[in-house]
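Reading through the structure tokens given below for one structure.
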Amino acid sequence: MQRIKDDFIKTLTRFVPLTGKMVLEVGCGTGYYSEQIARECKGLTAIDPDRSMLSIARCLDIPNALFFDRSAVATRFTSGRFDATVATLSFHHIERSLMPQALDEAVRVTHPAGRIVAFEPATRGSFFEAEILFDACDGDERKAKDDALRALHSHPRLRSLISLGDQTVFKFDDVEDFKRSMAPRVPGRTLKNTDRLEGFLRAHDYTLMASRSIEIFSIRA
């Protein structure tokens, strides 16, 4: 699987310049976006509760980045330490009951004049269709995504500045590449399901588009 279009950082930095800034990344995973953010900012601090993913991120040897095994609800950083806090495709993974607490923590560790950003998957596009049809990748996360947006836009300390549409485009070599990359739970059990998957991918020229949203907030006094 290749990402043949991914403009998140380019789009983000048009609205939230990161030059000379200290940035906290929440939910860094394997560090794919950590590398890109770090190129733009003075220093990146990235957190994720998954130690196996963090070990991969640390192997990237990003010179101005530090990685910590910490959760979004208890970062243990000092108040106002960061100029921007960015959650990269991760906020919807937080348990619904803990989302307000995670946002409280983001507000606490971000400078009052700073920005809080949530980069979230949307519910449109052929990539999303594949997740639903074949129980692939993260599967059906519609409720979690809705909960995340509701929590973000209802938090009393966050003022929405802009919501931006974005997209990432993925190219697969073949059906086997899709299976390796997306781990579908439905195809492969029967010939019928495998044929259905191959037909879906052929219809999209093995290229799937994932819609995203970039939610940018300032902090209310």
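The values are calculated or read from the model by the stated rules, or taken from the named source; none is laboratory data. Source: prediction; values computed, not measured. A quick note on method: Cβ atoms are made from the backbone with ideal geometry, for glycine too, and the neighbour counts reach across all protein chains shown. Surface areas here come from the heavy atoms of the whole protein model, side chains and all, with no ligands, DNA or RNA. Shrake-Rupley method; radii C 1.70, N 1.55, O 1.52, S 1.80 Å.
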Quiz item: So, in Å, what gap is there between the alpha-carbon centers of the stretch 86-128 and the stretch 1-65?
Solution: 15 Å
Exercise. Provide the per-residue ³J(HN,Hα) series for the stretch 103-113, in order, calculated from phi with Karplus coefficients 6.51, -1.76, 1.60 and θ = phi - 60°, each as a whole number of Hz, with x at glycine and proline positions.
Key: 6, 4, 5, 4, 4, 4, 8, 9, 4, x, 8
Quiz item: Long-range amide H contacts for ARG157: which residues qualify at under 5 Å (H placed 1.01 Å from N, peptide plane, sequence gap of 5 or more or a different chain)?
Solution: none
Exercise. Could you state the angle between the C-alpha long axis of helix 142-154 and the longest principal axis of the C-alpha atoms of the chain, as a value from 0 to 90 degrees rounded to the nearest 10?
Key: 20 degrees
Quiz prompt | Solvent-accessible area per residue for the chain (1.4 angstrom probe, square angstrom) | solution = 49 Å²
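With every protein chain kept in the model, how would you rank GLU120, GLU95, GLU40 by accessible area, 1.4 Å probe, largest at the top?
I get GLU95, GLU40, GLU120, largest accessible area first.
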Quiz item: Taking +1 at the Cβ of each Lys and Arg and -1 at the Cβ of each Asp and Glu, which of PHE134, HIS92, SER79 sits farthest along the dipole of the stretch 71-155 towards its positive end, judged by Cα position relative to the Cα centre?
Solution: SER79
Self-check item: Hydrodynamic radius (Kirkwood) for the chain, which is based on Cα pairs only, to one decimal in Å
Solution: 18.2 Å
Exercise. Kindly express, to the nearest 10 degrees and within the range 0 to 90, the angle between helix 191-203's C-alpha long axis and the longest C-alpha principal axis of the chain.
Key: 60 degrees
Exercise. Quick one: pull the percent of accessible area on the stretch 54-130 belonging to carbon and sulfur, 1.4 Å probe, ligands and nucleic acids left out.
Key: 55 percent
Self-check item: Reach of LYS42 by Cα under 17 Å, taken over lysines that are not fewer than 8 positions away in the same chain
Solution: LYS10, LYS21
Practice problem: From the P(r) of the stretch 1-74, can you give the percent of Cα pairs sitting at distances over 19 Å? | Solution: 35 percent
Self-check item: Built amide H within the under 5 Å cut-off of CYS137, gap 5+
Solution: ALA183
Quiz item: Taking the DSSP beta bridges in the chain as the whole, what percent of them are antiparallel, to the nearest 5?
Solution: 55 percent
Exercise. Go through ILE162, THR30, PHE8 and say which Cα lies farthest out towards the positive end of the charge dipole of the chain; charges sit on Cβ, +1 for Lys and Arg, -1 for Asp and Glu.
Key: ILE162
Exercise. Collect residues whose amide H, placed 1.01 Å from N in the peptide plane, falls under 5 Å from the amide H of ALA65; neighbours closer than 5 in sequence don't count.
Key: LEU44
Quiz prompt | For peptides 10-19, 99-108, sequence by mean Cβ density within 10 Å, most packed first | solution = 99-108, 10-19
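Summing +1 for each Lys or Arg and -1 for each Asp or Glu, what net charge is found among the other residues whose Cβ lies under 14 Å from the Cβ of ASP177? Mind dumping the intermediate values first?
Working: positive: ARG3, LYS171, LYS179, ARG180, ARG202; negative: ASP173, ASP174, GLU176, GLU198, ASP205.
Neighbour charge sum, excluding ASP177 itself: 0.
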Self-check item: Directionally averaged projected area (convex hull, Cα atoms, the stretch 98-204), nm²
Solution: 8.3 nm²
Quiz item: Tell me, what is the percent relative contact order of the stretch 22-121, built from C-alpha pairs under 8 Å that lie six or more residues apart?
Solution: 30 percent
Exercise. Can you tell me the dipole magnitude for the chain around its Cα centre, using point charges on the Cβ only (Lys, Arg +1; Asp, Glu -1), in Debye to the nearest 20?
Key: 660 debye
Exercise. Would you mind calculating the relative contact order of the chain from Cα pairs under 8 angstrom and at least 6 residues apart, reporting the percent as a whole number?
Key: 24 percent
Self-check item: Environment charge of PRO156, counting only residues whose C-beta is closer than 12 Å and scoring Lys/Arg +1, Asp/Glu -1
Solution: +2
Practice problem: Would you mind computing the Rg to Rh ratio of the stretch 51-128 from its alpha-carbon coordinates, Kirkwood style for Rh? | Solution: 1.00
